[in-house]
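Q: Structure provided below as C-alpha cells; questions to follow.
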Amino acid sequence: MDDCIFCKIARHELPAEIVYEDAAFIAFLDINPVNPGHTLVIPKEHHANLLEEPEETLRDFLPVIQHVARAVEQATQADGLNVTFNIKPAAGQVIFHTHAHIIPRHADDGLRHWPGKPYATQEDARKLADAIRERMNE
Ligand code: 5GP
Ligand code: ZN
C-alpha cells in the first residue's frame, strides 16, 4: 500500500533497524520502544490487522515470531517477553499494517500489567462464553 509506513519499511523505502528478513516477513526495532530491543515483526504483504490475515500467512508467521523473540530475549538478556498484537484503535493500534510487538521485559522494569476486572457473577461469564461458543461455528 502506497501510504503505509510499514509497507515502505518492507520495501526498504524508509530506514529501519532491520533484524530479520525473508521473502514474506521482516522484523525491525520499534522507533519508540517500551524497553530497548522492542521489535516489530510484520508480514510484507499489507493487511490491516491480524484478523484480516490469510491463513497461509499465519501458518508461517508464528515460527518467525518465535525465531525473532528468542534472539531478542537473548540479546537484551530479558527476564521475559510480551508478544502482542494490537487490533483496531480501541486496542491501541495506530499503524494499520499487521505487526507483532516483541517487548523485552525485565523483572525490575517497573511496567505494570493491565488490571483484571472479575465477572460480577458466574452467570455473566457463562453468557459471554455462550456467545463466543456460538460464533465459533460461523
Ligand atoms: P501499534 O500501536 O499500531 O500496535 O504500534 C505501532 C508501533 O509502531 C509503535 O510502537 C510505534 O512506536 C512504532 N512505529 C511507528 N512509526 C514507526 C516507524 O516509522 N518506524 C519504526 N521502526 N517504528 C514505528
Ligand atoms: Zn502496509
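Quick note: the coordinates plus some simple rules give every number you see, no bench work behind them. None of these values were measured; they are calculated from a predicted model. With ideal geometry, Cβ positions are generated from the backbone for all residues, glycine too; neighbour counts draw on all protein chains shown.
Q: Starting from 0.36 nm per residue, how many nanometres of slack lie between THR121 and HIS46 once their C-alpha separation is accounted for?
A: Contour length minus Cα-Cα distance gives 22.8 nm.
Q: In nanometres, what is the gap between the two model label sites at ALA75 and HIS12, each 7 Å from Cα along Cα-to-Cβ?
A: 1.8
Q: Next question. Work out, step by step, the length gained on full extension between CYS4 and ASP130: first 0.36 nm times the residue separation, then minus their alpha carbon distance; give nm to one decimal.
A: 41.5 nm
Q: Quick check: residue separation of ALA23 and GLU138 times 0.36 nm, minus the Cα distance between them. What number comes out in nm?
A: Length gained between ALA23 and GLU138: 38.1 nm.
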